[in-house]
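All remarks here apply to the structure that follows.
The values are calculated or read from the model by the stated rules, or taken from the named source; none is laboratory data. The shown structure was predicted, so the numbers you read here are calculated from the model rather than taken from an experiment. Positions of Cβ are backbone-derived with ideal geometry, glycine not excepted, and every protein chain shown enters the neighbour counts. Each accessible area value is taken on the protein alone, full model and side chains, heavy atoms only, with ligands, DNA and RNA left out. Shrake-Rupley method; radii C 1.70, N 1.55, O 1.52, S 1.80 Å.
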Amino acid sequence: ISLWQTKPNPSFVTCKDGEFYQDGRLWRPHGVNYYPSSTVATQDYSLFLEWFGKRSYDPVVIERDLANIRAMGMDAVSVQVWYSKPPLTDNLLDFLRRAEKHGIKVNLAIPMTPMTKLEERWAVYKKVVTDYDLKDVDTIFAYDVDWEPIWNTPEYRKQWDAEWAEWVIERYGSIENAETDWEFQAPREPGGQITNPLDPHVVENGPHWRMVAAYRRFLDTILYKYYDRARRLVRTVDPNHLVSFRMTLAGDPTVRWSKTVPYDYACLAGAVD
């Protein structure tokens, strides 16, 4: 049995000039993604993903893992609370207590994706933050409102097609003006509405490149819009912690383009670089 008690005078990690600071001193986190060693090889995906739940959470394993992480010289972890099932037990608080004991800061991800359903996801996010008074927990150094977002297939990207069309008209005056500038006709739905670039457009060079460049700029615009909204929502219940989102393969230097890549990973590059 352990007692959880927030500090009377918490000291939060801050950010200035692109650097993290703790108690006025420069702090450069050295950490790792964390999932319990007891779940990472399981074929039961929910057991792995929802590891804060009663089925997965084992304090003995967690304690051993955190001690090993600290012994390797690390002082930070990124962990994910899957939005479909908030931690209705106190396992999250137990994890934060153990992390603090080992001198490990936590980047806490509670994904609000897809951002087109932001208000629906926010209800879960808000419940986690407020139920556990996380605004007063300085073991957390930042919130992550997303987790490796990708723009997936054309069918997935269709949910932004209406905003894409609005953006094109706002920037170019009309779809026709845009296509004249691109020297390329955008893909169309059967009813004639423009839709997002096809997979070959985003992984192969060709006459479509101006259209794809415009689409990537459009994605930057809606990233600013949705992530700013997410940040503002978090600030309504927690003004103390940094807020960001976790990029995906746009930040991975090992990625190489090929015709077999089915996802539009590159669309995030302009937003996260």
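Side notes on the structure shown:
- For the stretch 102-111, backbone phi angles converted through the Karplus equation (6.51, -1.76, 1.60; θ = phi - 60°) give residue-by-residue couplings of 8, x, 10, 7, 10, 8, 9, 9, 10, x Hz, Gly and Pro being listed as x.
- Where N is the number of residues in the stretch 36-115, Cα Rg divided by 2.2 N^0.38 Å: 1.08
- The chain: angle of helix 118-131 to the longest principal axis, Cα-based, in degrees nearest 10: 10 degrees
- For the chain, the 222 nm mean residue ellipticity estimated from helices alone, with every DSSP H stretch of n ≥ 4 adding -39500 (n - 2.57) and the total spread over all residues, rounds to -11500 deg cm²/dmol.
- Whole-percent carbon and sulfur share, accessible surface of the stretch 57-181, 1.4 Å: 51 percent
- Counting Cα-Cα pairs of the stretch 98-253 in 5 Å increments starting at 0 gives whole-percent bin shares of 2, 8, 15, 18, 15, 12, 10, 8, 6, 4, 2, 1, 0.
- Rolling a 1.4 Å probe across the protein heavy atoms gives the chain an accessible surface of 53 Å² per residue.
- The convex hull drawn around the Cα atoms of the stretch 49-176, when projected onto a plane and averaged over every direction, covers 10.7 nm².
- Among the trypsin sites (Lys or Arg not before Pro) found in the stretch 25-91, those both in a DSSP coil and sparsely packed, with 14 or fewer other Cβ atoms within 10 Å of their Cβ, are LYS54, ARG55.
- Semi-axis lengths (Å, descending) of the ellipsoid that matches the C-alpha gyration tensor of the chain: 40, 20, 18
- Relative to its Kirkwood radius, the Cα radius of gyration of the stretch 160-221 gives an Rg/Rh of 0.92.
- Debye equation applied to the C-alpha atoms of the stretch 114-161, log10 I(q)/I(0) at 0.31 Å⁻¹: -1.20
- Taking all pairs of distinct alpha-carbon atoms in the stretch 15-72, Kirkwood radius in angstrom: 13.6 Å
- The modelled label-to-label distance for the pair ARG28/GLN159, using points 7 Å beyond Cα in the direction of Cβ, is 3.8 nm.
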